[in-house]
Amino acid sequence: MATAGEILRRSLADEVGVSKGSVSGSEELHVLAVDDSFVDRKVIERLLKISSCKVTVVESGSRALQYLGLDGEKSSVAFNDLKINLIMTDYSMPGMTGYELLKKIKESSAFREIPVVIMSSENILARIDRCLEEGAEEYILKPVKLSDVKRIKDVIMGGDGEQKKRRSVRKRGREDCFYSLSQPPHVQSASSPAFDFLPSELQSSSPFSTLSLSKRPKLQTRD
């Protein structure tokens with residue numbers, strides 16, 4: 001008898017198809033998008049499709065685990081049959097948060113190398129730090145923009161070397177960014193001295209450019 005996860009995968013595969021093989025310049029990126037908001041799911045799905053990505057959307061962390069075969073049920077579908085290249089998940093969801101989903105994915109030997117991007121409408125310092133330390137590829141603020149999606153796609157399509165380089169830059173950038181948050185507002189942006197070491201193209205694409213206080217809500221310090 002087919003498990004709930006297998007039934008879910010079959011129904012969603014009919015809508016989006018299944019990506020075969022590794023990511024290349026001529027192949028579509030297959031993204032699993034997770035959000036409990038119907039409107040936000042439609043927005044991210046639209047942006048990803050505009051960016052020539054295959055998209056599978058689910059409404060909760062538990063449904064995402066079900067789709068990936070990480071819900072504890074015995075499944076006949078192997079990871080190689082799914083070929084998910086990227087997971088984008090909302091942080092604040094009922095039942096299972098995006099952070100909890102991130103932890104589950106990173107604990108899986110089959111999926112831990114899959115980049116996970118956290119989406120949130122809140123600038124909460126402890127939350128951002130916790131997600132990035134747990135292995136999130138990036139933490140972006142809603143509403144997600146087309147430029148966010150294109151930037152993330154470029155990094156993923158760039159391969160493991162580009163991702164490792166970006167993680168190293170992001171780690172150093174985060175340390176300087178957190179320090180700069182205690183400084184006057186005029187230095188709290190991606191163009192501040194704290195980001196001078198970044199190439200110009202990374203200054204505009206850095207996850208911390210999304211935390212610029214001149215364009216985004218004031219950073220909160222609660223958990």
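What order do you get for 41-52, 83-94 when each peptide is scored by the mean count of other beta carbon atoms within 10 Å, highest first?
Ranked by mean Cβ neighbours within 10 Å, highest first: 83-94, 41-52.
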* Asked: Counting only protein heavy atoms, what percent of the accessible surface of segment 26-133 is carbon or sulfur at a 1.4 Å probe?
  -> 47 percent
* Mind scanning K42/K145; K49/K106; K54/K150 and naming the pairs with a C-alpha gap bigger than 18 Å? => K49/K106
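Taking segment 29-139 on its own, what percent of its Cα-Cα pair distances exceed 25 Å? Each step should come with its number before you reach the end.
On the way: 935 of 6105 pairs.
In whole percent, the share of Cα-Cα pairs in segment 29-139 beyond 25 Å is 15.
The values are calculated or read from the model by the stated rules, or taken from the named source; none is laboratory data. Since this is a predicted model, take the numbers as computed values, not measurements. Note: ideal-geometry Cβ built from the backbone for every residue, glycine included; neighbour counts use all protein chains shown. Areas reflect the complete protein model, heavy atoms only, side chains present, ligands, DNA and RNA absent. Shrake-Rupley method; radii C 1.70, N 1.55, O 1.52, S 1.80 Å.
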